[in-house]
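Engineer: Below you will find the structure I want to go over with you.
Derivation of every value follows stated rules applied to the coordinates shown; laboratory data play no part. Only a predicted model underlies this, so the values are computations on that prediction, with no experimental measurement involved. Cβ atoms come from the backbone with ideal geometry, glycine included; neighbour counts cover every protein chain shown.
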Amino acid sequence: MNNTISGKTGILGIIGWPVEHSLSPLMQNEALRQAGLDLAYVPFPVHPDRLAEAVRGLRALGVCGFNVTVPHKSAVIPYLDELTPEAELCGAVNTVRRDGDRLIGHNTDGIGLLRSLADDLGFDPAGRSVLVLGAGGAARGAVLSLCAAGVSRVIVANRTSRPGAELASLASTRFPRVEARAISLDMVSIKPLLGQVDLLLNTTSVGMGGTSFAGLDLSLLRSAALVYDMVYAPLQTPLLVEAKRHGLCCANGLGMLAGQGEAAFSFWTGRIPLPGLMKGCLNGYIEATTA
């Protein structure tokens, strides 16, 4: 991004409600600046009742592209012209690119997760068993991306039974070779179950504000099992603190946030941002604001 914004400066952004907490402007603007691109990334608060108007406005203004965060990831789809295979698979969009007069919806969340699992934990999904905590939108993208990447088994653990069962059924339908089933969170700490898991993945908001999963006994995991928490604020969630106490290799969701941002940057610009730049921006900001 140039220091001076002019009439030639292209606009990227993010829509959500709320959106003021988003760290995407921080890392995207720095990546644009480092790449020397005449683009600026702006947050746009969009109330759910005004989503259709907002997308029409972004289209009319010639915005080059935008990210989509909660609660609009699925709701935005009817207002787009095309979806990539990743977005169709997840049934959700987190990145939109303008192509002429058309708006193309993409989903980079799964890309970000898989990239972070590989970079931060050295995890290869092929043939592995994964236990997913939660059955919301984040879980859906994670489960389907892991299935596409070759996991052999996925277990969805959720407080209420219906969302978990629906997600497991969707995974089984889309990927018949994958063993997918749903259980209650109350059943997670069962030795035969946890003892066969290669990766424990938290997709819920549990962990923010110091909250934790009651009754989750990480001592039942194998010593080689990995723990990944999509929550990244605080950097050390109670789940990660407990994982480290048991000597388990673990990581927070900062790498996923950076990974999906890198993929979005490339989807918009056709370029690859400097390696580690986005994650470095995020780490520096969070460490400075939580010190």
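Engineer: Hey, what's the Kirkwood Rh for the stretch 197-276 if you take every pair of different alpha carbons, in angstrom?
Structural biologist: By the Kirkwood definition, the hydrodynamic radius is 13.8 Å.
Engineer: Once you order the gyration tensor axes a ≥ b ≥ c over the Cα atoms, which shape class does the stretch 110-252 get: rounded for a/c under 1.5, otherwise prolate or oblate by comparing a/b with b/c?
Structural biologist: It comes out rounded by the Cα gyration axes.
Engineer: Here's a follow-up. Relative contact order of the stretch 110-252: what whole-number percent is it, with Cα pairs under 8 angstrom and at least 6 residues apart?
Structural biologist: 21
Engineer: Normalise the Debye intensity by I(0) for the stretch 77-175, one equal point scatterer per Cα, no solvent, then take log10 at q = 0.10, 0.14 Å⁻¹ and round to two decimals.
Structural biologist: -0.29, -0.56
Engineer: Okay, moving on. If you count, for each residue, the other Cβ atoms within 10 Å and average over each peptide, how do 168-177, 236-245 line up from highest to lowest?
Structural biologist: Result, highest mean Cβ count within 10 Å first: 236-245, 168-177.
Engineer: To the nearest 0.05, how large is the calculated FRET efficiency for S6 and L121 if R₀ is 51 Å and r is the Cβ-Cβ distance?
Structural biologist: With R0 = 51 Å, the Cβ-Cβ based efficiency is 0.75.
Engineer: Which listed residue (S172, L83, A148) has the Cα farthest towards the positive end of the charge dipole for the chain, taking +1 on Lys and Arg C-beta and -1 on Asp and Glu C-beta about the Cα centre?
Structural biologist: Selected residue: S172.
Engineer: Computed on alpha carbon atoms, what radius of gyration and Dmax characterise the stretch 96-135, expressed in Å?
Structural biologist: Rg then Dmax for the stretch 96-135, in Å: 15.1, 43.
Engineer: I would also like to ask the following. Can you give the Rg to Rh ratio of the chain, both from alpha-carbon atoms, with Rh computed by the Kirkwood formula?
Structural biologist: Here Rg/Rh amounts to 0.98.
Engineer: Follow-up. When the dipole is taken about the Cα centre of the chain, and only Lys, Arg (+1) and Asp, Glu (-1) are charged at their Cβ, what size is it in debye, to the nearest 20?
Structural biologist: With Lys and Arg at +1 and Asp and Glu at -1, about 260 debye.
Engineer: Which values of log₁₀ I(q)/I(0), to two decimal places, follow from the Debye formula for the stretch 1-125 at q = 0.19 Å⁻¹ with a uniform point scatterer at every Cα?
Structural biologist: Ignoring solvent entirely, the Cα scatterers give -1.11.
Engineer: May I ask you to work out the translational diffusion coefficient for the stretch 113-166 at 25 °C, viscosity 0.890 mPa s, via Stokes-Einstein with Rh from the Kirkwood sum over Cα pairs, reported in whole µm²/s?
Structural biologist: D, rounded to a whole number, is 214 µm²/s.
Engineer: Mind listing the long-range amide H neighbours of G65? Cut-off is under 5 Å, sequence gap 5 or more, other chains count too, H placed in the peptide plane at 1.01 Å from N.
Structural biologist: The list, which skips near neighbours in sequence, is G13, R98.
Engineer: Can you tell me the mean projection area, over all orientations, of the convex hull of the stretch 53-125's alpha carbons? Units nm², please.
Structural biologist: Average projection, Cα convex hull of the stretch 53-125: 5.5 nm².
Engineer: So what is the 222 nm mean residue ellipticity for the chain from helices alone, if each DSSP H run of at least 4 adds -39500 (n - 2.57) and you divide by all residues, rounding to the nearest 500 deg cm²/dmol?
Structural biologist: Rounded to the nearest 500, it is -11500 deg cm²/dmol.
Engineer: Hey, if you put +1 on the Cβ of every Lys and Arg and -1 on every Asp and Glu Cβ in the chain, which of W17, N94, P125 ends up farthest toward the positive end of that dipole?
Structural biologist: Looking along the dipole axis, the top candidate is P125.
Engineer: Here's something else I'd like to know. Normalised by the number of residues in the stretch 121-165, what is the relative contact order in percent for Cα pairs under 8 Å and 6+ residues apart?
Structural biologist: About 48 percent, as a whole number.
Engineer: Where does each of C281, C250 land when they are ranked from fewest to most other beta-carbon atoms within 10 angstrom?
Structural biologist: If I rank by nearby Cβ atoms, fewest first, I get C281, C250.
Engineer: Could I ask something else about it? Compare the peptides 92-100, 68-76, 53-61 by average per-residue count of other Cβ atoms within 10 angstrom and give them in order, highest first.
Structural biologist: Descending mean neighbour count gives 92-100, 68-76, 53-61.
Engineer: Based on Cβ point charges of +1 for Lys and Arg and -1 for Asp and Glu, what charge dipole magnitude is obtained for the stretch 153-291 about its Cα centre, in debye rounded to the nearest 20?
Structural biologist: Magnitude of the dipole: close to 280 debye.
Engineer: Could you give the length gained on full extension between Y285 and S205, defined as 0.36 nm per residue of separation minus the Cα-Cα distance, in nm?
Structural biologist: 26.8 nm
Engineer: A further question follows. Please work out how much length the chain gains when fully extended from A60 to L235, using 0.36 nm per residue of separation minus the C-alpha to C-alpha distance, in nm with one decimal.
Structural biologist: Gain in length upon complete extension: 59.1 nm.
Engineer: Continuing with the same structure: Tell me the relative contact order for the stretch 155-213 as a rounded percent, counting alpha carbon contacts under 8 Å between residues six or more apart.
Structural biologist: In percent, rounded to a whole number, it is 31.
Engineer: Here is a follow-up. Alpha carbon centre of the stretch 223-237 versus the stretch 124-146: separation in Å?
Structural biologist: If we compute the Cα centre of each part, the gap is 15 Å.
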